[in-house]
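This report refers to the structure that appears directly beneath it.
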Amino acid sequence: MDRFEIATRQAGAVSVVSLRGYLDAHTAPEFEQVLQTLVDEKHVRIVVNCSGLNYISSAGLGVFMGFIENVRSQNGDIKLAELTDKVFRVFDLLGFPVLFEILKREEDALAKFEKT
């Protein structure tokens with residue numbers, strides 16, 4: 001199994017969270033803590049780069065759902081970028097493209113925030 005890794009960085013006023021490996025019940029709390037820290041620090045413009053994400057379980061999906069309302073209530077958003085086909089199919093199957101903006105490239109997601 002791939003080791004789970006999270007990297008965060010700032011791109012101007014946007015926080016970029018890059019995920020790598022498997023996001024499942026064992027690793028979801030780590031992702032949740034990263035998002036909670038960002039929200040606590042009022043960083044609510046978030047791009048999650050999923051280019052290195054090989055697998056996501058319902059627990060991982062739940063983390064996204066657990067934060068989107070709070071982030072949007074603070075005039076922020078969570079945009080997803082660079083999903084692999086396999087991971088996109090999971091998001092698509094569960095209707096995430098209706099709830100989250102999913103973009104092909106991280107640069108496109110960052111540009112969306114510049115327009116708001």
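For segment 96-111, the tally of residues that are at pLDDT 95 or above and more than 21 Å from Val16 (Cβ to Cβ) stands at 0.
Highlighted here are the helices (runs of 4 or more DSSP H) found entirely within segment 19-105 that include at least 2 residues which are among the acidic types (Asp, Glu) and free of Cβ contacts under 8 Å to residues at least 24 places away in the same chain: 85-93.
So in segment 1-18, with the set limited to residues that are among the charged types (D, E, K, R) and not in a strand (DSSP E or B), which one is surrounded by the most Cβ atoms within 10 Å (Cβ to Cβ)? Looking at residues that are among the charged types (D, E, K, R) and not in a strand (DSSP E or B), I get Asp2. Among the residues making up segment 1-31, those that are farther than 14 Å from Cys50 by Cα and of a type in the set (Val, Ile, Thr) are Val14, Thr27.
Just one residue in the set Leu83, Leu93 is in contact with a Phe, Trp or Tyr (Cβ under 9 Å, 6 or more places away or on another chain) and under 20 Å from Tyr22 (Cα atoms); that residue is Leu83. Would a scan of segment 30-43 turn up a residue that is in contact with a strand residue (DSSP E or B) (Cβ under 8 Å, 6 or more places away or on another chain) and polar (S, T, N, Q)? The answer is no; no qualifying residue exists. Taking segment 66-91 as the range and being surrounded by 13 or more Cβ atoms within 10 Å (Cβ to Cβ) and acidic (Asp, Glu) as the test, the residues that pass are Asp77, Glu82. Residues of segment 25-65 that are more than 13 Å from Ile6 (Cα to Cα), surrounded by 15 or more Cβ atoms within 10 Å (Cβ to Cβ) and charged (D, E, K, R): Arg45 alone.
The values are calculated or read from the model by the stated rules, or taken from the named source; none is laboratory data. Since this is a predicted model, take the numbers as computed values, not measurements. Positions of Cβ are generated from backbone atoms using ideal geometry, with glycine treated the same way; all protein chains shown enter the neighbour counts.
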